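Structure first, then comments.
Only the coordinates and a few stated rules stand behind these numbers; no lab work does. The model shown is predicted, which means the values in this text are computed figures rather than measured ones. Cβ placement follows ideal geometry from the backbone for every residue including glycine, while neighbour counts extend to all protein chains displayed.
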Amino acid sequence: MAIGDTSARQCQADSERRALIPGSYDPFTIGHKSIVDRALSMFDHVVIACGISLAKHSADEIAERLKPIRQLYRDDSRVSVISYDGLTVDAAADHGCSVIVRGLRNAIDLEYERPMAEVNRQLSGIETIFLIALPEYQSVSSSLVRELRHYGRDVANLLP
Ligand code: ADP
């Protein structure tokens, strides 16, 4: 591409492969980070999308949830961190993502994800790609972190 060739640059921008990685991220764990980092080897840009109800959570609570994720990726321009309240496929379209990426830890995750992926594809044509959790992260979950925190245990090794 010649320097200053805007049409070629536009074409390159249009073909940028962007993936939405939705989740509650309450909180964002080393398991989530592993999925994001692996997706970055496949996509040009990754949007970490925190699905959170505006009716149930204040703006401060939403900001608190996003803060550590933004901090983690502050130096990586290939990653954006957003929140959304609504359909995941709408968030994907709003952020120019043609693919949704989700992690799978076990058969329970798969059974939960299967109908969502099918409905999302029917609604929008957006495909969901599943990444199988690495063995070392298979038992990591946000709910485990919340439980341990509740009982005053150290969770630093589960958070990125
Ligand atoms: P949700 O409430 O949408 O399931 P989570 O924040 O719990 O949101 O999870 C977001 C995504 O990350 C899901 O696809 C989930 O399966 C995946 N995930 C969660 N923990 C892990 C992990 N330890 N390894 C791989 N994927 C994970």
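In the chain, the longest principal axis of the Cα atoms and the axis of helix 30-40 are about 10 degrees apart.
Not counting the cut sites, what is the longest span of the chain without trypsin sites (Lys or Arg not before Pro) that DSSP labels loop and that have at most 16 other Cβ atoms within 10 Å? For trypsin sites (Lys or Arg not before Pro) (loop position, at most 16 other Cβ atoms within 10 Å), the longest site-free span of the chain is 106-152.
Ordering SER34, ALA55, VAL101 by the projection of their Cα atoms onto the charge dipole of the chain, which places +1 on the Cβ of Lys and Arg and -1 on the Cβ of Asp and Glu, puts SER34 at the extreme positive end. Secondary-structure-derived ellipticity at 222 nm for the chain, considering helices only, amounts to -13000 deg cm²/dmol, per-run term -39500 (n - 2.57) for DSSP H runs with n ≥ 4. Electrostatic bookkeeping for GLY103 treats Lys and Arg as +1 and Asp and Glu as -1; over the other residues with beta carbon under 10 Å from its beta carbon, the sum is +1.
How far, in degrees from 0 to 90, does helix 107-124 lean away from the longest principal axis of the Cα atoms of the chain, to the nearest 10? Relative to the chain, helix 107-124 is tipped by roughly 30 degrees. Simple point charges give the picture: +1 on the Cβ of Lys and Arg, -1 on the Cβ of Asp and Glu, and for segment 70-150 a dipole about the Cα centre of about 200 debye.
Counted by neighbouring Cβ atoms within 10 Å, the residues ILE108, ILE82 run from fewest to most as ILE108, ILE82. Among ALA107, ALA49, ALA91, which one shows the biggest mean-square fluctuation in a GNM of the chain, springs joining Cα atoms closer than 10 Å? Answer for the Gaussian network model of the chain: ALA107.
With coordinates expressed along the principal axes, the C-alpha atoms belonging to the chain extend over 59, 36, 35 Å, beginning with the largest.
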